[in-house]
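The values are calculated or read from the model by the stated rules, or taken from the named source; none is laboratory data. On a predicted model such as this, the values are computed, not experimentally measured, just so you know. Heads up, the Cβs are rebuilt from the backbone with ideal geometry, glycines too, and the neighbour counts pull from every protein chain shown.
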Amino acid sequence: MITVLILRCIMVKSTTRKSAKSDRRRYNRIARFYDLFETPMELMNFRKWRKMLFDLIKAEKGLVLEIGAGTGKNIPHYPSNVVALDISEKMLERAVRRAKESGKKVDFLLADAENLPFRSNSFDVVFTTFVFCSVDDPVRGLREAFRVLKKGGRAYFLEHMLPKSRFLHPLFNLLNPIFRAFGPEINRRTDENIQRAGFQIVKEYMLFGSVFRLIVAEKPLDSVDEASGYSLKRSESSDSSNFRRFIGQSLLPLRLTQLLR
Ligand SMILES: C[S@@+](CC[C@H](N)C(=O)[O-])C[C@H]1O[C@@H](n2cnc3c(N)ncnc32)[C@H](O)[C@@H]1O
């Protein structure tokens, strides 16, 4: 069976935030080795946990956003209607290839989690896997995830974080700078950050002790959206001239045009 694949990839005009640039550089540098480096973890646990995540997500309906899609390891599990973004074009290039290979139609976007270019209340589901250990200002990024999620919508976070046992904290703090040099921080309190961003945690699955967790969170129906720090002027941000071709078609996908501000 031949699957016709339309890959629609666009690139958001780059934001100038300094830390975003260093996140991008860091992941551009390691993109080539990323999958190889992660293979042992993937075989041991990650693969199993990704499946667990998508067993939950497949019960959801509507438009889904993946923040920090990386090399696209979740793509084989994607339902239809996924918009996938990352700050690193080198990681995203690999995700595009993966989408082609698995015959999935995905809208890719090069964008910063801390400055999402979407209108508030755009997505039915938002999810991340191993991302908020890297985003420079995680609470700001999580607030953006919260903002673009529809009220009553669910967010799924498969993340690693500081374990519950205080006994282990000195070790995680000690090793953190070494890990950060390559990518993630290992001593973040992502569970608390999720709540600080406004989400209500509805379920928390502890994986590998409590170092890894699959957190299911909700945007309450009565929540009030905060203004985001998106840096483009209003008149610019709704203009498709802000976007240029990343890979694939030159036209801005209609669906994304409608979501952008
Ligand atoms: C550890 S990797 C995880 C990739 C993928 N989610 C996975 O499960 O393999 C973290 C990803 O987050 C992306 N990232 C880091 N900071 C970001 C930001 N501010 N905005 C968007 N993506 C970001 C990185 O480029 C990288 O691809």
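Name the pairs: first residue in the stretch 53-65 and within 13 Å of Phe127 (Cα to Cα) and in contact (Cβ under 8 Å) with a residue 12 or more places away in the chain, second residue part of a loop (DSSP other than H, G, I, E, B) and of a type in the set (A, V, I, L, M), Cβ to Cβ under 9 Å, at least 6 apart or on different chains?
As it stands, the answer is Leu65/Leu116, since those pairs meet every condition given.
Across the stretch 71-113, what is the total count of residues that are in a strand (DSSP E or B) and either hydrophobic (A, V, I, L, M, F, W, C) or within 12 Å of the ligand (Cβ to nearest atom) (or both)?
So the answer is 9.
Only one of Ser223, Ser241, Ser165 is modelled with pLDDT under 70 and of a type in the set (S, T, N, Q); which?
Ser241
Each row is one residue, and each column tells you yes or no for (1) away from the ligand (no atom under 13 Å from the Cβ); (2) over 19 Å from Ile201 (Cβ atoms).
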{"residue": "Asn115", "(1), (2)": "no, yes"}
{"residue": "Val126", "(1), (2)": "no, no"}
{"residue": "Cys133", "(1), (2)": "no, no"}
{"residue": "Asp136", "(1), (2)": "no, yes"}
{"residue": "Val139", "(1), (2)": "no, no"}
{"residue": "Phe146", "(1), (2)": "yes, no"}
{"residue": "Lys151", "(1), (2)": "yes, no"}
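Do we find a residue being in contact with a Leu (Cβ under 7 Å, 6 or more places away or on another chain), farther than 24 Å from Pro138 by Cα and surrounded by fewer than 22 Cβ atoms within 10 Å (Cβ to Cβ) anywhere in the stretch 81-88?
So far as the stretch 81-88 goes, yes, one or more of its residues are in contact with a Leu (Cβ under 7 Å, 6 or more places away or on another chain), farther than 24 Å from Pro138 by Cα and surrounded by fewer than 22 Cβ atoms within 10 Å (Cβ to Cβ).
Being of a type in the set (A, V, I, L, M, F, W, C) and more than 16 Å from the ligand (Cβ to nearest atom) is the filter; apply it to the stretch 153-174 and report the residue that is surrounded by the most Cβ atoms within 10 Å (Cβ to Cβ).
That would be Leu162.
Being closer than 25 Å to Ser22 by Cβ and in contact (Cβ under 8 Å) with a residue 24 or more places away in the chain: is that true of Val135 here?
Yes.
It is to be established whether one or more residues within the stretch 57-66 are within 12 Å of the ligand (Cβ to nearest atom) and not in a loop (DSSP other than H, G, I, E, B).
There is at least one residue in the stretch 57-66 that is within 12 Å of the ligand (Cβ to nearest atom) and not in a loop (DSSP other than H, G, I, E, B).
For the stretch 142-193, which residues satisfy the criterion of being basic (Lys, Arg) and without any contact (Cβ under 8 Å) to a residue 24 or more places away in the chain?
Arg166, Arg180
Can you tell me how many residues in the stretch 114-126 are assigned to a helix (DSSP H, G or I) and not acidic (Asp, Glu)?
1
Just to check your reading of the model, which residue among Glu185, Glu204 is among the charged types (D, E, K, R), at pLDDT 95 or above and surrounded by 14 or more Cβ atoms within 10 Å (Cβ to Cβ)?
Glu204
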